[in-house]
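Asks: One structure is given below, represented as structure tokens, and several questions about it will come after.
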Amino acid sequence: MEQPDALILKMQNKNEIAFSRIYAMYSDATYGIIHSIVLDEAISQEVLQDVFIKVWNNSGSYDSKKGRFFTWLLNIARNAAIDKTRSKAYKNSKKNLSTTNFVDILATSDSLNQKVNAIGIQKFVAALKPACIKIIDLLFFKGYTQVEAAKTLDIPLGTLKTRNRNCIQELRTLVLG
């Protein structure tokens, strides 16, 4: 997609029609990035609106000499989605899900891959070394950040990152055979 420089410039001058066109051009791709991180439709829509409010309010900070508009926009979206998943309210909402939610997800899912992802990965994780199980459990199942996991395991952050990378590679080998 060719970058709409004239439209971006108009938006930076607070032209609402230009902003509306930019929203129409980029909202679907931006939503996709947000949803891949947040994994909740309603929250993804909320974050999408927050992102475009930030784009409108901070449009003057975009500089085409530093990179493409789409990259700038996706960085804002990615950061907003990550911030949302790290918020206390989001974490609490995810802790309070009942098991019936998961039964409904599996019962209504048409995709075999989604079912395997939802219930099958744990057996592969269980086949890993105990250190890998702890790291993957904290980072992927419990939603810890790498910093939080390193503190919990009382190891340096760099060590955690290296072990995580090695554990994921080992897990990939197990899953893909």
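Bear in mind that the values in this text are calculations on the coordinates, not laboratory data. Bear in mind the structure is a predicted one, so any value in this text is a computation, not a measurement. Cβ coordinates were reconstructed from backbone atoms using ideal geometry, including for glycine residues, and neighbour counts include every protein chain displayed.
Asks: Could you list, in sequence order, the residues of region 128-177 that are among the β-branched types (Val, Ile, Thr) and either more than 24 Å from Arg86 (Cβ to Cβ) or touching a His at 6+ places or on another chain (Cβ under 6 Å) (or both)?
Replies: Across region 128-177, the qualifying residues are Thr173, Val175.
Asks: Out of the residues in region 122-165 meeting the condition of being touching a residue at least 12 places away in the same chain (Cβ under 8 Å), among the polar types (S, T, N, Q) and assigned to a helix (DSSP H, G or I), tell me which one is nearest to Ile37 (Cα to Cα).
Replies: Gln146
Asks: Right, another one. Just the residues that are assigned to a helix (DSSP H, G or I) and surrounded by fewer than 18 Cβ atoms within 10 Å (Cβ to Cβ), please, taken from region 44-66.
Replies: Within region 44-66, Gln45, Glu46, Gln49, Asp50, Ile53, Lys54, Trp56, Asn57, Gly60, Ser61 qualify.
Asks: Can you pull out the residues in region 5-19 that are under 27 Å from Ile82 (Cβ atoms) and without any contact (Cβ under 8 Å) to a residue 24 or more places away in the chain?
Replies: If the condition is that a residue be under 27 Å from Ile82 (Cβ atoms) and without any contact (Cβ under 8 Å) to a residue 24 or more places away in the chain, then no residue fits.
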